[in-house]
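Worksheet: one structure, shown below.
The values are calculated or read from the model by the stated rules, or taken from the named source; none is laboratory data. This one's a predicted model, so the numbers in the text were calculated from it and none came from an experiment. Note that we place each Cβ from the backbone using ideal geometry, even for glycine, and neighbour counts take in every protein chain shown.
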Amino acid sequence: KKAKALKQPIAFYDQDDDKAQYRELLIINGLPKGLKQDQLFMVFQPKLDIKSGQCKQVEALIRWQHESLGLISPSEFIPLAEQTGMIDILSPWVLDNVLAQQAKWRNMGIYVNVALNLSSTDLDNPNLAVDVGTKLSQYLVPAESITIEITESALMISLEQTIMTLNQLRDIGVKLAIDDFGTGHSSLAYLRHLPVDEVKIDKAFLDEFETSKAAKQIVKTSIDLAKNLGFEVTVEGVESKSVLETLHLFGVDTIQGDYFAKPFTASEFEHIYPQLNYSQLNHPQIKHP
Ligand code: C2E
Ligand code: MG
Ligand code: MG
Ligand code: MG
């Protein structure tokens, strides 16, 4: 009986599975070297403050120009870094990079808040706030000039430790935002327990925005509730002027998306900054230099 069972194939050999696993290995094993050889870098996506028409903040997004795989998306390598623990070297690198950039920009007279993304595992570190505080003083960057974005799903993992860490970060003056709101199956009412300044509504909610009245109503209701709870509201993934204008009517504070501006490299951003630094009530699009 046993011999017969052994003859049954356990799974079909799948070349694509092999390729995917090989790619994952290349990514995971290549990360330390990638960091050492400057294959990783940050890009910065300007956010538009709808009411003033100004850009007061950019979001720092990581990119990896891999030596053999080409440009890899963070949606691919961040989850792998989280699964393997590599995020513990990646997140400090992001923090250093963003703070060094901030220090440089402030010296150039570019005063813009920079938002960066952290992972749920970073929030499990009880020393996070102390580490962040130490780095802020090291780079002479005021705490108010950075925002830390945490995904809603990260909060679901260990809420108590997370809230403690968020409170400590807030105490040192760092701004906090809940990212990808609406994707983590938590209710808006639960938000009121979180010590955060801003809620970023996930771009998935805009998918049916222009074709479905119900989808539009859900966005409007979420915005109203978040605003009534005292949060600043950002909607991400805004790709057209008509969506931007509807969101303006809905009372959204800030929008982020390819319509206003795509992510820029640091030097591109320095180049377009003068264009961003005045009132833009007609909501123009910012193009790459
Ligand atoms: P996120 O934090 O929600 O960032 C917004 C994502 O939406 C970015 O994708 C941005 O390029 C994209 N986006 C912005 N506007 C538009 C638009 O109008 N249309 C479309 N289709 N997309 C738009 P990106 O840069 O690929 O990053 C994906 C995710 O990877 C981020 O989502 C974030 O969760 C994660 N990530 C990126 N950089 C970092 C990092 O430095 N550390 C960590 N832990 N995660 C990061
Ligand atoms: Mg984000
Ligand atoms: Mg987001
Ligand atoms: Mg997202």
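Any idea which residue in region 79-100 is nearest to LEU140 (Cα to Cα), counting only those that are among the aliphatic types (A, V, I, L, M) and touching a Leu at 6+ places or on another chain (Cβ under 8 Å)? Among those that are among the aliphatic types (A, V, I, L, M) and touching a Leu at 6+ places or on another chain (Cβ under 8 Å), it is LEU99.
Reported count of residues in region 75-96, each being buried (at least 17 other Cβ atoms within 10 Å of the Cβ) and in a helix (DSSP H, G or I), is 10. Quick check on region 263-284. Is at least one of its residues modelled with pLDDT of 95 or more, part of a loop (DSSP other than H, G, I, E, B) and closer than 24 Å to PHE41 by Cβ? Checked region 263-284: at least one residue is modelled with pLDDT of 95 or more, part of a loop (DSSP other than H, G, I, E, B) and closer than 24 Å to PHE41 by Cβ.
Please enumerate the residues belonging to region 55-101 that are of a type in the set (D, E, K, R) and closer than 21 Å to LYS262 by Cα.
Correct list: LYS56, GLU59, ARG63, GLU76.
Do we have VAL132 as away from ligand 1 (no atom under 16 Å from the Cβ) and either outside any helix (DSSP H, G or I) or farther than 19 Å from TYR111 by Cβ (or both) here? Spelling it out, it is not the case that VAL132 is away from ligand 1 (no atom under 16 Å from the Cβ) and either outside any helix (DSSP H, G or I) or farther than 19 Å from TYR111 by Cβ (or both). Residues in region 48-66 that are modelled with pLDDT under 95 and either surrounded by 16 or more Cβ atoms within 10 Å (Cβ to Cβ) or not hydroxyl-bearing (Ser, Thr, Tyr) (or both): LEU48, ASP49, ILE50, LYS51, GLY53, GLN54, CYS55, LYS56.
Determine whether region 56-65 contains at least one residue that is away from ligand 4 (no atom under 16 Å from the Cβ) and farther than 30 Å from GLY251 by Cα. There is at least one residue in region 56-65 that is away from ligand 4 (no atom under 16 Å from the Cβ) and farther than 30 Å from GLY251 by Cα. Do we have LYS203 as within 15 Å of ligand 3 (Cβ to nearest atom), in contact (Cβ under 8 Å) with a residue 24 or more places away in the chain and of a type in the set (Lys, Arg) here? Yes, satisfied.
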